[in-house]
Amino acid sequence: AYLLAYFTRLILARELGPADYGLFYAVFTFVIFFLFFRDLGLNQAMTKYITEFRVKNNYNRIKSAIFAVLGSQVLSSLFFSAVFFFAADFLAVYYFKAPAASTLLKIMVAYTVFSISFTFLKSFFASFQRFVAYSLIDFFKNGIVLLLVILFFSYGMTIISPVLAYVIVGQILIILFLPKMLRTYNPFSHKIEKLKETSKLLFLFGLPVIMTDVGDKVISYIDTLMLTGFRSLAEVGIYNVVLPSAMMLLFISTALSSVFFPIFAELWAKKDFKRLKEGVRIFYKHIFVAVAPVVLAILVFSDTFLYIFFCSDYVSGANALRILL
């Protein structure tokens, strides 16, 4: 899934050039940066408590958890959609400094709503330890975006291509994965029970998780937001070639932690602390050994790496790549 997303960036960087590529990722980053206020740590909370409710065979509470999370996120998405839409013209002039940003931002409003499907479906399948379905969500999402981008470019579309691709993919994922979701757990066969109590559990667990989301968003996006405000869009484009190139090495730990989290939640619910402790120890032991050699290789050949995979327009980001690595 990550390689598909990276290949999409390769195509966008070559087809759009640094300035338009930078404009798209400036707008895209701006939108997703604020979505952690929508999520409120509820996806992680849902994974934890659905796992516990499943262990206790309390399937009515599972429906309550799903209802609480989806209800909160839909309302939050509608709020942010309205803010982005009505502020688009102002932001285009005074922040992005490019009139085209207004149109992109208004189209991305739809992404704000439909992107709920990405996080919700992943949390749902992780909760039931359906890891094949879980892993296929990002694989299909990134694969569909890649195919749509290629299709739109073939029809002569330019910067609008990735925007439309990200808006459409959420709707396609709902169609693809809804049957599997209903076979795993059919909410229509159960009733909502103790909604207020369940919502309280979810939000209390989610609140401290928001801090990790803030940290993640700051590490991942604040640099792009600052560059957009103070530097040229071409530099934003170069940086958004460099950043994912450095961050792609995190996919190993991300993949493992995605699998471990619901298993750890189950061990915690069963009070099997001995196996929980051993699992965490194994996790930390192997991550560094797997990643370090690749980091060193790209560190030494940063210029060559950017020239081969992108083009000479992006080689000036080599030092930034080394720092991030």
Taking the range 210-228 and keeping residues crowded, with 17+ Cβ neighbours inside 10 Å and at pLDDT 80 or above leaves 221, 223, 224, 225, 227, 228
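So if I check each of 174, 137, 160, which one is among the β-branched types (Val, Ile, Thr), open to solvent by less than 50 Å² (accessible area, probe 1.4 Å) and under 20 Å from the mean Cα position of the chain (by Cα)? Explain how you work it out, then say what you get.
Numbers: 174 fails: open to solvent by less than 50 Å² (accessible area, probe 1.4 Å); 160 fails: under 20 Å from the mean Cα position of the chain (by Cα).
Exactly one residue qualifies, and that residue is 137.
Within the range 234-247, can you find the residues that are more than 18 Å from residue 315 (Cβ to Cβ) and touching a helix residue (DSSP H, G or I) at 6+ places or on another chain (Cβ under 6 Å)?
To start, the set of residues in the range 234-247 that are more than 18 Å from residue 315 (Cβ to Cβ) comprises 247.
The answer is none; no residue qualifies.
Looking at 228, 254, can you tell me which residue is hydroxyl-bearing (Ser, Thr, Tyr) and in contact with a helix residue (DSSP H, G or I) (Cβ under 6 Å, 6 or more places away or on another chain)?
Sole residue among the options that is hydroxyl-bearing (Ser, Thr, Tyr) and in contact with a helix residue (DSSP H, G or I) (Cβ under 6 Å, 6 or more places away or on another chain): 228.
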Lone unmet requirement of (1) among the polar types (S, T, N, Q); (2) over 30 Å from residue 61 (Cβ atoms); (3) in a helix (DSSP H, G or I) for residue 158: (3)
Selected residue (criterion: most open to solvent (accessible area, probe 1.4 Å)) from residues of the range 36-61 that are in contact with a helix residue (DSSP H, G or I) (Cβ under 7 Å, 6 or more places away or on another chain) and part of a loop (DSSP other than H, G, I, E, B): 40
Within the range 93-112, is even one residue at pLDDT 90 or above, in a loop (DSSP other than H, G, I, E, B), open to solvent by less than 10 Å² (accessible area, probe 1.4 Å) and on the phi < 0 side of the Ramachandran plot? yes
Show the residue pairs meeting these rules: Cβ distance below 8 Å; 6+ apart or different chains; first residue within the range 279-295 and over 10 Å from residue 253 (Cβ atoms); second residue surrounded by 13 or more Cβ atoms within 10 Å (Cβ to Cβ) and of a type in the set (A, V, I, L, M, F, W, C). 279/260; 279/263; 279/264; 279/267; 280/264; 294/249; 295/249; 295/325
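The values are calculated or read from the model by the stated rules, or taken from the named source; none is laboratory data. These figures come from a predicted structure and were not determined experimentally. Ideal geometry is used to build each Cβ from the backbone, glycine not excepted, and the neighbour counts take in all protein chains shown. Remember, those area values only see protein heavy atoms, side chains included, never the ligands or the DNA or RNA. Shrake-Rupley method; radii C 1.70, N 1.55, O 1.52, S 1.80 Å.
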